[in-house]
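Note sheet for the following structure.
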Amino acid sequence: MKKLLTIVMAAVLLFGLVSCANKDAGTDADKDSGDTSKTDEAGYTLLNDGVLTIGSEIGYPPYEMYAEDNVTPIGYDIDLANELGRRLGLDINFINTSFDIIAENLGANYDVIISGYTINEKRLEQMLFSDPYIDNYQAIVVRADSDWTADSLTDIDGHSIAFQKGTTTDEIVDDLIATGSVKCTPSPNEKILTCFQQLSNGEVDMVVCDSTVADVHLASNSDAYKVIYVDQTSPEQFGIGIPKSNPELQKAINEILADLKEEGFFDELNATWFGSNSED
């Protein structure tokens, strides 16, 4: 991994130790959602004229986190959002929100969702999505001294597992339990960092999370954790969530994403945050 990854994980550890005060990024609670919608010349609507307001759970490294000042958002999705804003000619405002309720306030508190957000059928019933910009898989992480192995996600059977609320992991685990495919002790958390803390403390046997997130945690904690399974049979893709009432914004974002892919922007982004040049 590149040297920058060490800096990223230092920010991650600091984030886990101090309160994530939302300050300049704002919160759902202090965001005034009653502003009159403004129409951009391009045909899409924005909550605030000249500003692209973004809903994001800023506590999901390497996609979203706070820098060492505990105020400035940084990460893969933050860089993408800032570039979108630059090319749209808009200022950017991040609204930090809980991931498990992020869909509820789309179109009311923020214009779009950029937050390591997987495109799936359930969410497509609620909103539009941009074209996908990265591939992801579900992974099982255990402590480095563990003897457990796994050949599928059903090997969480009989174990205590931690995962983040509101994610596709949450949906997958719920489905496995509901269908009787596994019997396990689930430990859903608001933050992915809490999941890894529980694993370190021996409170749970496993963490189930996005493979890209697991890779970054292992990059600087290889002596603490190891990945025992990555479900490459079921790839997931991240996209930008957009209200169904705003198809012109979807069109504008997709045009920019196409340009960014052609220009190699995502190669650079992947190298910066993952230490690789892979893209979706």
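The values are calculated or read from the model by the stated rules, or taken from the named source; none is laboratory data. Everything numeric here is computed off the predicted structure, so don't read it as measured data. Every residue, glycine among them, receives a Cβ derived from its backbone with ideal geometry; neighbour counts consider all protein chains shown. To get the accessible areas, we keep the full protein, side chains included, count just its heavy atoms, and leave off ligands, DNA and RNA. Shrake-Rupley method; radii C 1.70, N 1.55, O 1.52, S 1.80 Å.
Annotations
- Solvent-accessible surface of protein heavy atoms, probed at 1.4 angstrom with all chains present, puts R86, R123, R143 in the order R86, R143, R123, largest first.
- Rounded to 0.05, the FRET efficiency of the E83 and K244 pair, given R0 = 30 Å and the Cβ-Cβ distance, is 0.75.
- Spatially, the range 163-233 and the range 127-147 are offset by 9 Å when compared through their Cα centroids.
- Surface analysis of the range 160-280 yields an accessible area of 43 Å² per residue, using protein heavy atoms and a 1.4 Å probe.
- From phi via Karplus (6.51, -1.76, 1.60), per-residue ³J(HN,Hα) for the range 216-228 in Hz, x at Gly/Pro: 5, 5, 6, 4, 10, 9, 5, 7, 9, 10, 8, 8, 9
- The packing ranking, built from the mean of other Cβ atoms within 10 Å per residue, places the peptides 125-131, 75-81 in the order 75-81, 125-131, highest first.
- If both residues of a DSSP beta bridge must be in the range 104-263, then about 65% of such bridges are antiparallel.
- Solvent accessible area, Å² - Y137, 1.4 Å probe, full protein context: 60 Å²
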